[in-house]
1. Let me check something: with ligands and nucleic acids excluded, how do Ser141, Ser57 order by accessible area (1.4 Å probe), largest to smallest?
2. Using a 1.4 angstrom probe on the protein heavy atoms only, line up Ile98, Ile140 by accessible area, largest first.
3. So, R0 is 30 Å and r is the distance between the beta-carbons of Asp111 and Arg30; what FRET efficiency does that work out to, to 0.05?
4. Roughly how compact is the chain, stated as its Cα Rg over 2.2 N^0.38 Å to two decimals?
5. Can you compute the helix-only [θ] at 222 nm over the chain? Use -39500 (n - 2.57) per DSSP H run of at least 4 residues, normalise by all residues, nearest 500 deg cm²/dmol.
6. Which sequence of His159, His90 reflects their accessible areas, 1.4 Å probe, from the largest down?
7. Work out the FRET efficiency for Ser57 and Thr143 from their Cβ-Cβ distance, taking R0 = 30 Å, and round it to the nearest 0.05.
8. Could you check the simple spin-label distance between Thr46 and Asp193, using points 7 Å along Cα→Cβ, in nm with one decimal?
Amino acid sequence: MPPNGSGPRSAYATPPAELVELRTTPPRERADAARNRAAVLDAAATLFREHGVEGVSMEAVAAAAGVGKGTLFRRFGDKAGLATALLDTHERALQEAILFGPAPLGPGPADASPPARDRLHAFVEAYLDYLLDHLDLVRISETAAPGARYRIGAYRFWHRHVTLLLAGRPDPAAEAHTLLATLAAEHVRAALDDIGADRLRAATLRLAAALTT
């Protein structure tokens, strides 16, 4: 039972302003800069798909996109920055679904009030789908430097969302970090090799259920 013994907790129905502000936002840029950005991301996506993230250099991306190496490095910094930019669209789609989409991933209509446990289960499922589809990109974005994962804006969004769903627990913020640790790309990559995707997903969902029962 939840700590107050009152039965299943309902999740937030109206997205809090703080969470809305944390979502990933598309860059604002001039038309020519936007075209160059699109060309770089298209080239990177193709090369990564064909050769793997580790097998592609920034120089190869610049050549395929028809831009100078200096431009590429100034714009994205390194391969981790390029990976983060490639993930932006997918992150925004998941965040929008969490904030405004149908239940149980989102709040649904005003009178839906899906239980927190259902929304947390749906989040873990959806996040694992996203992560497994883009594992190498997420991994490089999270491990480029010590603590990189926790400085990515998207992590702050996921953490705040899970914290809100765990309201009423002894320490929602700490428990949100603990659950999200099981969704770190480096951990998931190693676990996949050991136990496979099905067992990994089932174990993570059991952990989420334990936090909302």
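1. Ser57, Ser141
2. Details: Ile98 0, Ile140 30 Å².
Correct descending sequence by accessible area is Ile140, Ile98.
3. On the way: r = 44 Å, r/R0 = 1.47.
FRET efficiency, Asp111 to Arg30: 0.10.
4. Cα-based Rg divided by the globular estimate yields 1.11.
5. Values: 11 runs with 146 residues, N = 213.
Estimated from H runs of four or more residues: -22000 deg cm²/dmol.
6. His90, His159
7. Calculated value: 0.95.
8. 3.2 nm
The values are calculated or read from the model by the stated rules, or taken from the named source; none is laboratory data. Not measured: the values here are computed from a predicted model. Note that we place each Cβ from the backbone using ideal geometry, even for glycine, and neighbour counts take in every protein chain shown. Side chains included, ligands, DNA and RNA excluded: accessible areas come from the protein's heavy atoms. Shrake-Rupley method; radii C 1.70, N 1.55, O 1.52, S 1.80 Å.
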